[in-house]
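Trainee: Got a structure here, written out as structure tokens. Questions coming.
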Amino acid sequence: MDCTNFVQTTHTHFLNRLSHTGSRGTGTEVETDSDEGDDEHNVFVESDASDGSDPESEQDTNTKSMMSCYDDDNNDDEGNEVGARGRQVQTTNDETSSYISNNGLVWLSADPPRRKTRPCNIRHTKEGPCGKAKLVESEMDAFLCFIDHEILSTVIENTNKYGRKYMVSKGRDPSAWIPVDEVEMKAVIGVLYLLGVYRSKHESLRSLWSSGHSGRPVFNAAFSINRFEQILAFMRFDGHETCEIRKAKDKFAPFQSVWNAFIENCRKNYMVGAYVTIDEQLIPFRGRCSFRQYMPNKPDKSGMKLFLMCDVATAYTFNGLPYVGCEGNRQNIGLADSVVKKLVEPVHHSGINVTTDSWFTSAELAADLLCKKITLLGTIHQRKPEVPREFLPCKSRAVGSSLFGFCQKLAMVSYVPKKNKVTLLLSSMHDKEEVDQVSGKPMMIIDYNETKGAVDRVDQLCHNYSVQKRTKRWPLAYFYHCLNIASINAEVIFMAKSCQNILIVLHSHGRGVETPRSVILCPETSIHLRERSLLAMSCICTFPILQAKPASFFYSCDAVFSMEY
């Protein structure tokens, strides 16, 4: 029987039964650690409602695409099994409850047939550094894996072009502009990292270069404050000759080339583990920008929205997609689904699991990812058409109870944390009723709480030691953020290589030492501070002025260079 006709048949059949017997099934909801995050994104969904991404307008299309995707994902034997299971739904007895959603999906309370290992969760790739990152020997080598020679050359070339153009516009000789070379640009980046180590995000640059108590000798030794401010003011990332023409078609054109090169470096130098998180991040910015967002539940309130895909075990940023708003008069219909699909393109058929929040999660998206051998786990909004009415809040449901539903290869749970409140989760990774014996929560909620915070962890590290300074130009704010992400990724790669070397040495001496990768690679605050300090010194010390300084000079600058960790 055709799957679409089957859904329509079962829908009519159960509506007739429900009209005589009433609704069945009870369920409960339990309070989880994700309640605050879900409330935050509920506000975000409403703020983006103008983009036309309301899922209820696509109910019929979503149902058909889901069913066709299931058929494509199964072989002939599995198709016969699904068909038999579908016929069993039509003859459901009193022991098995069934629930029908608004878009016609039938959810069964009984567990589906279990397999030893689900094909979509079999890993086909090995996590860890890959490509050029395997040859990393120092902090500087790890950093250059992301801000490489190509990116530095692009920034230097466009900065020098703009500097000469500015001198001509002021009636001066173009040679009056002192060209920036790669060594000086690395020194500028090193000073920015050192500003992040000092947590001088809101401190005046003049005070840092002063000779008084608030000054830092290492900054004056690198270059003057006037030269540092001049380089930041003239820093450009795209050719100014054709920028205005391309901005008419692409709002992100002034930074597009650098961003594409940076994200490509992030993808080709590391392979993520079994669990990744997709969420949005807000780059703080209050200047003029056509796609600047206001999100009152975020710490920075105002800025530029960025979608990130990060590894759960290491907080490594693997992929990113900037949000630039609507293009022309076209509304962003299905924006949440398209964002997830674009971010997971490099890891198709890898067997990983993606954790999302309620703004992204939908049954259609889960079915589409299953076709690519990727599973999905996330909270789902109560207004989604695939949620049966029995799973919604109800005063009669007991606190701490759970209601499970299974449809094809999807599972849904409704958990009651408080009276008249539910937590809804959708998963294509789970296929049976599992409840934690200690907390009484479903294992879907336990797994979600353990894998939901990778992007938040990256955001925390970026804010703790941010290199960003106040600016009115959004491309420069994006470059600051790239430096923040590059330092975290470089730390993950360098620690992975260092720990591999340590394990090799220990095993060579006959010691059976095994350390969990999640403990080794997850960036901690003290380690992150040390790595940023060493990276800043590596960048600054390449400047010729500092190469003649004795080693005692750096240790006399500040205690940050002589910290004991």
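The values are calculated or read from the model by the stated rules, or taken from the named source; none is laboratory data. On a predicted model such as this, the values are computed, not experimentally measured, just so you know. Cβ atoms come from the backbone with ideal geometry, glycine included; neighbour counts cover every protein chain shown. Areas reflect the complete protein model, heavy atoms only, side chains present, ligands, DNA and RNA absent. Shrake-Rupley method; radii C 1.70, N 1.55, O 1.52, S 1.80 Å.
Trainee: Which residue out of K472, K419 is within 30 Å of M235 (Cα to Cα) and open to solvent by 50 Å² or more (accessible area, probe 1.4 Å)?
Mentor: Values: K419 fails: within 30 Å of M235 (Cα to Cα).
After ruling out the rest, the residue left standing is K472.
Trainee: Filter the range 118-143 for residues that are part of a helix (DSSP H, G or I) and either among the basic types (K, R) or at pLDDT below 70 (or both); which is surrounded by the most Cβ atoms within 10 Å (Cβ to Cβ)?
Mentor: Applying the filter and picking the extreme gives C120.
Trainee: Continuing with the same structure: Report, by residue number, each residue of the range 476-514 that is open to solvent by 40 Å² or more (accessible area, probe 1.4 Å) and either at pLDDT 90 or above or not in a helix (DSSP H, G or I) (or both).
Mentor: Within the range 476-514, H509, G510, R511, G512, V513, E514 meet the criteria.
Trainee: Next question, about the same structure. Restricting attention to the range 390-433, which residues are outside any strand (DSSP E or B), farther than 12 Å from I445 by Cβ and within 27 Å of the chain's Cα centre (by Cα)?
Mentor: Within the range 390-433, K409, S428, M429, D431 meet the criteria.
Trainee: What pairs come out if I take residues in the range 136-151 that are over 15 Å from C482 (Cβ atoms) and pair them with residues that are of a type in the set (D, E, K, R) and open to solvent by 50 Å² or more (accessible area, probe 1.4 Å) whose C-beta lies under 8 Å away, six or more apart or interchain?
Mentor: From the range 136-151, the pairs are H149/E182.
Trainee: Identify all residues within the range 341-389 that are in a helix (DSSP H, G or I), in contact with a Leu (Cβ under 9 Å, 6 or more places away or on another chain) and open to solvent by less than 10 Å² (accessible area, probe 1.4 Å); write none if there are none.
Mentor: If the condition is that a residue be in a helix (DSSP H, G or I), in contact with a Leu (Cβ under 9 Å, 6 or more places away or on another chain) and open to solvent by less than 10 Å² (accessible area, probe 1.4 Å), then L343, A363, L365, A366, A367, L369, L370 are the ones that fit.
So that you can scan it fast, the table gives a plain yes or no per residue for (1) part of a helix (DSSP H, G or I); (2) at pLDDT 90 or above:
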| position | (1), (2) |
| --- | --- |
| I245 | yes, no |
| F255 | yes, yes |
| C266 | yes, yes |
| G273 | no, yes |
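Trainee: Now for a different question. Could you please tell me which pairs satisfy a Cβ distance under 6 Å, a separation of 6+ or placement on different chains, a first residue in the range 211-224 that is without any contact (Cβ under 8 Å) to a residue 60 or more places away in the chain, and a second residue that is part of a loop (DSSP other than H, G, I, E, B)?
Mentor: Short answer, once both residue conditions are applied: F219/W209; N220/W209.
Trainee: Let me ask something else. Out of the range 198-243, which residues are open to solvent by less than 40 Å² (accessible area, probe 1.4 Å), in a helix (DSSP H, G or I) and of a type in the set (S, T, N, Q)?
Mentor: Within the range 198-243, just S207 meets the criteria.
Trainee: I'd like the full set of residues that are hydrophobic (A, V, I, L, M, F, W, C) and either more than 16 Å from K452 (Cβ to Cβ) or open to solvent by 10 Å² or more (accessible area, probe 1.4 Å) (or both), limited to the range 425-437. I'd like the intermediate steps shown before the answer.
Mentor: Within the range 425-437, the subset hydrophobic (A, V, I, L, M, F, W, C) is 425-426, 429, 435.
Passing the criteria: M429, V435.
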